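Structure, as structure tokens:
The values are calculated or read from the model by the stated rules, or taken from the named source; none is laboratory data. Small disclaimer: the values here were computed from a predicted structure and weren't measured. A quick note on method: Cβ atoms are made from the backbone with ideal geometry, for glycine too, and the neighbour counts reach across all protein chains shown.
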Amino acid sequence: MPQRFNILRAYAKKQHPPNIPSAIYFSHTETTLTIFDAFPKSFFHFLILPRRTSSVSIFDLANLPTLLRKDKFKARETLLGLNSESLRLRAKIEEEMQVRFGFKWDVWIGFHAVPSMEHIHLHVISADLCGKAMRTKKHYNSFSPKSGFFIPLADVLSLFDAAPSYYDTMSEFKKSQYEPKLKEDFVCFHCDLPQRNFPILKAHLLSEFQQLRKQAQRQQERAVDSTGIQGPNKRKREGEDDTSSMSQGPQAKKCQLDEDRPRESQNSIMDLD
């Protein structure tokens, strides 16, 4: 089995997570580890991993169906721990969005129905899909809410309140049901318009993001006009950050990793200039 397939498990087993390379490690608790996705598909893209505990075996954390087939109480406890950490992380991301882009937008929190790597990993990803590592149809459809391959954590948690038969069926996440979704045609998750090919889709997504940003700026300006109080983002004119910096992702901040970021980066959310 390729080493890359098991790398997340290796990280989760670390007794001292800060020993993980600083370009990967973000933070940890007693039960979770938060790292940068090494190939970010959006401007902000993290993974939260459950760590080995006395109550859950590392092998029970191989993937979501494996965990859900085990003790339901322990499975729910594990997922609630991931949820708590994801909410804290989302708040940090939103702060960084405001600093870097002048507004905040949605953050998706969920799992791939069929993961490509061993060990459960929760994606916390900004809803733009404009990351530098977004390169293929499979990449896009694995996160687009239109395809159904990306399973929100809230949907998984709702299974614990469902009838046992429904829980058993839905928690299987069968490859035969989900993998065809990766081959679906390109459809913009913002406007539902079909896109002919991937380069056109990429340009369209960036345009949609720019429109969201301009709309947020106009709302801020209207708020300033009505109150007479100038907020911190009023000083930025529309388009002040060039599109090339957006297409590369927020390399200057702690909320992203790609191949261009210095390996000696530090672990403060503001220190990646």
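Filtering the range 7-23 to residues that are farther than 30 Å from PHE103 by Cβ, part of a loop (DSSP other than H, G, I, E, B) and out of contact with any Phe, Trp or Tyr (no Cβ under 8 Å at 6 or more places or on another chain) leaves LYS13, LYS14, GLN15, HIS16, PRO21. All of SER142, SER126 fail the test of being touching an Asp or Glu at 6+ places or on another chain (Cβ under 8 Å) and modelled with pLDDT of 95 or more, apart from SER126.
Count of the range 24-83 residues, restricted to those that are in contact (Cβ under 8 Å) with a residue 40 or more places away in the chain and not in a helix (DSSP H, G or I), is 26. Quick check: is even one residue across the range 202-221 surrounded by 11 or more Cβ atoms within 10 Å (Cβ to Cβ), assigned to a loop (DSSP other than H, G, I, E, B) and at pLDDT 50 or above? No, that holds for no residue. When you look at LEU89, is it at pLDDT 95 or above, among the aliphatic types (A, V, I, L, M), more than 21 Å from PHE149 (Cα to Cα) and touching a Phe, Trp or Tyr at 6+ places or on another chain (Cβ under 7 Å), yes or no? Against the criterion (at pLDDT 95 or above, among the aliphatic types (A, V, I, L, M), more than 21 Å from PHE149 (Cα to Cα) and touching a Phe, Trp or Tyr at 6+ places or on another chain (Cβ under 7 Å)), LEU89 qualifies. May I ask you to verify whether GLU221 is touching a His at 6+ places or on another chain (Cβ under 8 Å) and acidic (Asp, Glu)? When the stated conditions are applied, GLU221 does not pass them. Report yes if ALA133 is touching a strand residue (DSSP E or B) at 6+ places or on another chain (Cβ under 9 Å) and in a helix (DSSP H, G or I), otherwise no. It is false that ALA133 is touching a strand residue (DSSP E or B) at 6+ places or on another chain (Cβ under 9 Å) and in a helix (DSSP H, G or I). Given the criteria over 15 Å from the mean Cα position of the chain (by Cα), buried (at least 19 other Cβ atoms within 10 Å of the Cβ) and modelled with pLDDT of 95 or more, does GLY102 qualify? So GLY102 fits the description; yes.
For the residues ASP128, ASP155, the requirement of being farther than 19 Å from THR66 by Cβ and of a type in the set (Asp, Glu) singles out ASP128. Screening SER54 with (1) more than 17 Å from the chain's Cα centre (by Cα); (2) closer than 16 Å to VAL156 by Cβ gives one miss only, at (2).
Note on the range 182-207: among residues that are in contact (Cβ under 8 Å) with a residue 60 or more places away in the chain and of a type outside the set (A, V, I, L, M), the one that is nearest to PHE150 (Cα to Cα) is PHE189.
Look through the range 39-65, keep the residues that are surrounded by fewer than 18 Cβ atoms within 10 Å (Cβ to Cβ) and modelled with pLDDT of 95 or more, and return whichever of them is nearest to PRO18 (Cα to Cα). The selected residue is PHE39. Search the range 148-195 for residues being in a loop (DSSP other than H, G, I, E, B) and touching a Phe, Trp or Tyr at 6+ places or on another chain (Cβ under 8 Å), and hand back the single one that is surrounded by the fewest Cβ atoms within 10 Å (Cβ to Cβ). Here the answer is GLY148. Scanning the range 12-23 for residues that are in contact (Cβ under 8 Å) with a residue 60 or more places away in the chain and either closer than 20 Å to LEU80 by Cβ or of a type in the set (A, V, I, L, M) (or both) yields a total of 2. Yes or no: the range 144-157 includes at least one residue that is under 21 Å from PHE209 (Cα atoms) and among the polar types (S, T, N, Q). Checking the range 144-157: at least one residue is under 21 Å from PHE209 (Cα atoms) and among the polar types (S, T, N, Q). Tally up the residues in the range 96-121 that are touching a Phe, Trp or Tyr at 6+ places or on another chain (Cβ under 6 Å) and either farther than 25 Å from LYS174 by Cα or among the hydrophobic types (A, V, I, L, M, F, W, C) (or both), please. Final tally of qualifying residues: 3.
Among the residues that make up the range 167-187, is at least one of them closer than 21 Å to LEU33 by Cβ and at pLDDT 95 or above? No, there is no match, as no residue in the range 167-187 is closer than 21 Å to LEU33 by Cβ and at pLDDT 95 or above.
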